[in-house]
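The values are calculated or read from the model by the stated rules, or taken from the named source; none is laboratory data. These numbers were taken from a predicted model, which means no experiment stands behind them. Note that we place each Cβ from the backbone using ideal geometry, even for glycine, and neighbour counts take in every protein chain shown.
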Amino acid sequence: MALRPDRTFLVYPSACSKKNFVYNRNTTDPYNGARVRHDEMLHDTLIKLFQEHCRGRASRIKKFLREFDDEPKAIFKLILKKRPRLGKILSQRDKLSLLWITVLSCYQKSAELLVRSGANVNELCNPPLDAYVDDKTPIINVLLQMFPSEWNERFAALVINAGVDLQNRDDKGQTVLHLAINRGQLELIKLMLEKGVDVNARDNTGATPLLAACSHKKADEMVPLLVRYGADVMARDMPKQENVLHRLAFARDTEHVELARFFIEQSVSLEDREMFEDYQPIHVAALQGKNELLKLFLDHGSNVNALAKNNVTPLYLAAGSVNPVVLLTLLKRGANIDARKTIDYGGIDLVYGSTALHNACNSFFYDGGQNFKILVSAGANISVTDHAGRTPYAMIDRLPADNHNGDYRIRRIRLPIQWNPNVDVMLRMLAIKKSTIQPPNNLLDETRIQKSPSRWAYYQSCLEQIERLKARRLFRSFTLFDLLTKCHCRTAAQMWNVEFKREFEQCDLSPFPNFADDLREVFANAECRHQSMVQQEEMIEEAAYDTLPHPIVRGVVNYYACEDCDIRKIVQASRRDNQGLPRNLFDRMFANN
């Protein structure tokens, strides 16, 4: 039996007139209406049969029920005599035993009565219903695919206490413990562990219950329970070879930092690599945007520039994720901003030597270019080319599909450039770069930009507005172009003079429509920075009991650490420590490979 990939649940219809009928899948609690009436009828009928044939004695009732194990149709005949209408409904399903019918039909009272009366809870599904409920499927496995109501969990516990075989496996090799973990049913997990279920049983992929629990949103509750009962924290699955730290990093919804810390303290390796991409846990954390988990791995010795398959670094993966904070963390820890991926199969043809900035273009469609802006602000070269001469702009401008032998196949969705409004961010950055080149020179991307008349016109207007920005002074020699391009700590220092802020508030930005929003954003960031400086100044004066001369205090505050400046310094230091191979040597290495 295999779990369905959707979030629906097994159930028989409350009534059926077709002989060759299959079960349904529902999304709500099915116990209502006709199902309740049929359940009560069957429950009352079974009690009458037990009274009539067994005089209500438990030992006789159990023996009575077991007599129908080899001849399940016989009990349907007895029910038909007592309740013709109910017997007719059940006769449509008489290929299955009565217990299986009550469970699949969600006849709650009847199913409980049968189990409490001694029905065989280890009976397998015979005949098999389909590939998902086959002849190896026990009742407990089906219960863990039905609607997770309070009754379902209570009845599953009843079946377990009745002696169900907890070591039984489905065709995926999963035990009931695996299934309960997939559903996050803590009480059932506790009960199974108390009953002696194998806590280290591996399914067909080599995954143990602990590995499965690490991928679940309730990992914080399930993992300590499994470890208490002897789960092997060093287990790795097959064929991926992921350890528990890989699984925690891949888990959705939460980061499970304390669990990861516990595993690291238990000597689980941060250097283990999964088999497909050679990812270490730090690569997965970067890929998934798990910032707190990433910091934990770095604090415990993970290499910030660890290389996976195709020389992929954590920074490269983070550049394509949805959490820009991860990029900042990696850059602060010395990530190599110029590291190149050996091969990228994501384009129309093979791309060699792509950087994190190239990969950041993949997130342009949903993050407004935040990852791209962070990398450029940190010092990444906006005109960097890969082996095929593609710049980051060229990555966005690529066609969405490739034609192979006349067959139109989507390789990776890339919208044509005119469909992506966020590309304006890159055009403004390119215009700023061109305006700072000395001596003036054409950019490689300009030829490509010219292919789109609307984008070329926008780019040209950016260049014109930049010249006006350079000429418009805000305060003394500080221009609007300085406001746009200099670090916000430099702008914040200007705000000690109230005239600076007043000049900006009165400044007419209408001559600079392409950059107006950017100017307001950087000014707001500088204001936040200035407020921090004011608070810092007050703290210093208070600590010194107002004994220090004001110019000294002001000078100290102006040296207050700036995160952006620090990151740029770290990137420069990282470049000295990670001197990249010369381009011709890189080409020769690839040719040799």
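For the reader, a short list of remarks on this structure follows.
- Residue match in segment 270-281 (condition: over 20 Å from T329 (Cβ atoms) and touching a Phe, Trp or Tyr at 6+ places or on another chain (Cβ under 8 Å)): yes
- If the condition is being touching an Asp or Glu at 6+ places or on another chain (Cβ under 7 Å) and basic (K, R), then segment 273-318 contributes K290, K309.
- Any hit, segment 286-298, residues being of a type in the set (K, R), in a loop (DSSP other than H, G, I, E, B) and buried (at least 22 other Cβ atoms within 10 Å of the Cβ): yes
- Residues in segment 64-84 that are farther than 17 Å from C125 by Cβ, without any contact (Cβ under 8 Å) to a residue 24 or more places away in the chain and charged (D, E, K, R): E67, E71, K77, K81.
- Checking each residue in segment 180-224 for being surrounded by 18 or more Cβ atoms within 10 Å (Cβ to Cβ), over 21 Å from the mean Cα position of the chain (by Cα) and not in a loop (DSSP other than H, G, I, E, B) picks out A180, L188, I189, L191, M192, L193.
- With respect to (1) buried (at least 20 other Cβ atoms within 10 Å of the Cβ); (2) in a loop (DSSP other than H, G, I, E, B); (3) among the charged types (D, E, K, R), the lone exception for R247 is condition (2).
- Within segment 94-117, residues that are over 14 Å from P30 (Cβ atoms) sit with their Cβ atoms under 6 Å from residues that are part of a helix (DSSP H, G or I) and aromatic (F, W, Y), at 6+ positions apart or across chains, in these pairs: D94/F76.
- Restricting segment 225-244 to residues that are modelled with pLDDT of 95 or more and acidic (D, E), the residue that is surrounded by the most Cβ atoms within 10 Å (Cβ to Cβ): E242
- Residue within segment 431-442 that is buried (at least 19 other Cβ atoms within 10 Å of the Cβ) and more than 40 Å from the chain's Cα centre (by Cα) present: no
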